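In what follows, a structure is listed as structure tokens, so that the remarks can point back to it.
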Amino acid sequence: MSEHPVARPIDIVIEKVRRTYGAWRRNTPIEAMREDWDNLFWSDATGVVGEPVMAGGVDAMWIVAPGATRERVFLYLHGGGYRVGSIRSHFDLIARISAASGAAGFAINYRLAPEHPFPAAIEDVLTTCEWLVGQGVSLDHVALAGDSAGGNLALAGTLKLRAKGGATPAALVLLSPWTDLELRGKSYETRADSDPIHQRAMLAATAAGYLGGADPADPLASPLNAAFAGFPPMLIQVGDRETVLDDSRNLAAKAEAAGVSVQLEVWDEMIHVFQQFPDELDEAREAIAHIGAFLRERLL
């Protein structure tokens, strides 16, 4: 008798995510979806204890690993399609990045759609940056980090800060960033069969819910449409199986053409924001180590 093949770690992760998505129906309340999402990713395995604060009216939390300094900060913006996700869903990832980088994590619960459509979340990012500066933290020592929709917000927040004429963050860390709400990348077709979760129709509906009628071509909605001259250095990590792969590739190409220092890492066989599964994936732990090294270099 032949033995059953042993499931690969990435396949175990995919099944875990699919169980959560598969339980949702058209009439599933958004509150239930948000709770499911938080439970999917929540972990306190690192032992780090968060410190809740209000940052200019925005619900926030310091997540600081032992030995990390609050003189160097990364402001983390969670993903979740602007509809789900929270500090809770990304607590473990932020704690691990803090440990890897030696910098303090600062996370926010920005306002979510559909209750608070574009540009409410971006406004919360600006408010938080201003609050950090008011606390004596120079933006020269702050990185903006985010995954998926949060990566979009990190870019949009930087655009807004640049437009105000003041300081911009020292660096950007972008995990599977969703940079193009117009969904123009070729990977929406070429990776449709390999991406087990995110398909064009789903993402189009998510974008419409966030935009609330706003123009998806607006650079604050689709930062891929922005001009990147003067942007801080970027680390971009993305999985090779993702339909949003070209959102990262095209961003890297356009930013590099504008003179921005860009490190683009395309991880073979990995899915959307695979870094959230460090217990299962060696690649996730390695990617987090790369993030830590990048932040240590940039947040001098």
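Before moving on, here are some points about what is shown:
- Qualifying positions in region 222-239 - of a type in the set (A, V, I, L, M) and either free of Cβ contacts under 8 Å to residues at least 24 places away in the same chain or open to solvent by less than 40 Å² (accessible area, probe 1.4 Å) (or both): Leu224, Ala226, Met234, Leu235, Ile236, Val238
- Residue in region 270-282 that is within 27 Å of Arg70 (Cα to Cα), surrounded by fewer than 21 Cβ atoms within 10 Å (Cβ to Cβ) and among the polar types (S, T, N, Q) present: no
- Test result for Asp247, in contact with an Asp or Glu (Cβ under 8 Å, 6 or more places away or on another chain), at pLDDT 95 or above and surrounded by fewer than 16 Cβ atoms within 10 Å (Cβ to Cβ): no
- Within region 52-80, considering residues that are small (Gly, Ala, Ser) and open to solvent by 10 Å² or more (accessible area, probe 1.4 Å), the one farthest from Thr128 (Cα to Cα): Gly67
- Looking across Glu242, Glu265, Glu256, one residue alone is acidic (Asp, Glu), at pLDDT 95 or above and open to solvent by 40 Å² or more (accessible area, probe 1.4 Å). It is Glu256.
- Total residues in region 204-221 satisfying the condition of being touching a residue at least 60 places away in the same chain (Cβ under 8 Å) and surrounded by 18 or more Cβ atoms within 10 Å (Cβ to Cβ): the figure is 5.
- Restricting region 198-225 to residues that are under 16 Å from Asp246 (Cα atoms) and in a loop (DSSP other than H, G, I, E, B) leaves a set whose member that is farthest from the chain's Cα centre (by Cα) is Gln199.
- A single member of Leu126, Leu144, Leu132 is in a helix (DSSP H, G or I) and in contact (Cβ under 8 Å) with a residue 60 or more places away in the chain, and it is Leu132.
The values are calculated or read from the model by the stated rules, or taken from the named source; none is laboratory data. Keep in mind that this is a model prediction, so the values were computed, not measured. Counting neighbours? That spans all protein chains shown, and the Cβs are built from the backbone with ideal geometry, glycine included. SASA here: full protein model, heavy atoms, side chains in, ligands and nucleic acids out. Shrake-Rupley method; radii C 1.70, N 1.55, O 1.52, S 1.80 Å.
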